[in-house]
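Colleague: I am attaching a structure below and will ask some questions about it afterwards.
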Amino acid sequence: MAGGSGTRSPAPVLWFTGLSGSGKSTIATRVHQELVRRGVEVEYIDGDALREVFPATGFTRAERDEHLRRTGYMASRLAAHGVTVVASFVSPYRESRDFIRSLCENFGEIYVATPLEECERRDVKGLYARVRRGEIRNFTGIDDPYEPPDRPELTLDTRVLSVDQCVAQVLAFVEDQL
């Protein structure tokens, strides 16, 4: 990704978006591991892990937007310095994702298009059950909207693709498109 004149082109930002339980973190983690194995300078940013570092981050639309804007800026700065970014966030609002896209020259929006019913069936963290019991509010897909991407660079349907197939598609995208 380095240019011939000694200047460095921005590295890709691979932005995984989808409902909780869609498989985005699983796929993103595997993509990150493979890029590390290939010797790519890469950073993995996960929404859940970032919220552990910044626990006061809330879940209202304004709080989510602010959190994503900060994260998007951080991703753009890493990419500007040649670090490939693999980011996994629900990032439910198109406007927030479009803002991040505007910051990142080589932005790849990867939509993990798993329907709500399948995410609820999986419910690895037990979050959907807690939402249905009224213990969690402002939960994306239930009482807060998820706005699917209009034109993602890549769409992965985890009902028909295995994790390995999803990872292979993302890696092919990185090689071919960015």
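Colleague: Which order do the peptides 16-27, 34-45 take when ranked by the mean count of other beta-carbon atoms within 10 Å per residue, highest first?
Modeller: Working: 16-27: 25.7, 34-45: 15.2.
Peptide ranking by packing, descending: 16-27, 34-45.
Colleague: Counting only residues 5 or more places away or on other chains, whose amide H sits under 5 Å from the amide H of residue 85 once H atoms are built in the peptide plane?
Modeller: 13, 14, 43
Colleague: Using just the helices of the chain, give the 222 nm mean residue ellipticity in deg cm²/dmol: DSSP H runs with n ≥ 4 each add -39,500 (n - 2.57), and the total is spread over all residues, rounded to 500.
Modeller: So the helix-based figure for the chain works out to -13500 deg cm²/dmol.
Colleague: Work out from phi, with θ = phi - 60° and the Karplus expression 6.51 cos²θ - 1.76 cosθ + 1.60, the ³J(HN,Hα) of each residue of segment 97-102, listed in order in whole Hz, and give x for Gly and Pro.
Modeller: 5, 5, 4, 4, 4, 5
Colleague: Further question on the same structure: Using a 1.4 Å probe over the heavy atoms of the protein chains, calculate the carbon and sulfur portion of the accessible area of the chain as a whole percent.
Modeller: Working: 4580 of 9250 Å².
Roughly 50 percent, rounded to a whole number.
Colleague: For segment 76-178, state what percent of all Cα-Cα pairs lands in each successive 5 Å bin, counting from 0 Å until the bin that includes the largest distance.
Modeller: Result returned by the calculation: 2, 10, 18, 21, 18, 14, 10, 4, 1, 0.
Colleague: With every protein chain left in place, what is the accessible area of residue 133 in Å² (1.4 Å probe, nearest 10)?
Modeller: We get 150 Å² for residue 133.
Colleague: Sticking with this structure for a sec: Which log10 I(q)/I(0) values does segment 46-111 give at q = 0.17, 0.21, 0.24, 0.25 Å⁻¹ under the Debye formula, counting every alpha carbon as one identical point scatterer?
Modeller: These q points yield log10 I(q)/I(0) values of -0.56, -0.86, -1.11, -1.19.
Colleague: Stokes-Einstein diffusion coefficient for segment 1-160 at 10 °C in a medium of 1.306 mPa s, Rh from the Kirkwood formula over Cα pairs: what value in µm²/s?
Modeller: It comes out at roughly 98 µm²/s.
Colleague: Considering only protein heavy atoms, what per residue accessible area in square angstrom results for segment 17-174 with a 1.4 angstrom probe?
Modeller: Details: 8040 Å² over 158 residues.
Here the per-residue accessible area is 51 Å².
The values are calculated or read from the model by the stated rules, or taken from the named source; none is laboratory data. Worth saying up front: this structure is predicted, and the values here are computed from it rather than measured. Positions of Cβ are backbone-derived with ideal geometry, glycine not excepted, and every protein chain shown enters the neighbour counts. Protein only, heavy atoms only, side chains kept; ligands, DNA and RNA dropped before computing areas. Shrake-Rupley method; radii C 1.70, N 1.55, O 1.52, S 1.80 Å.
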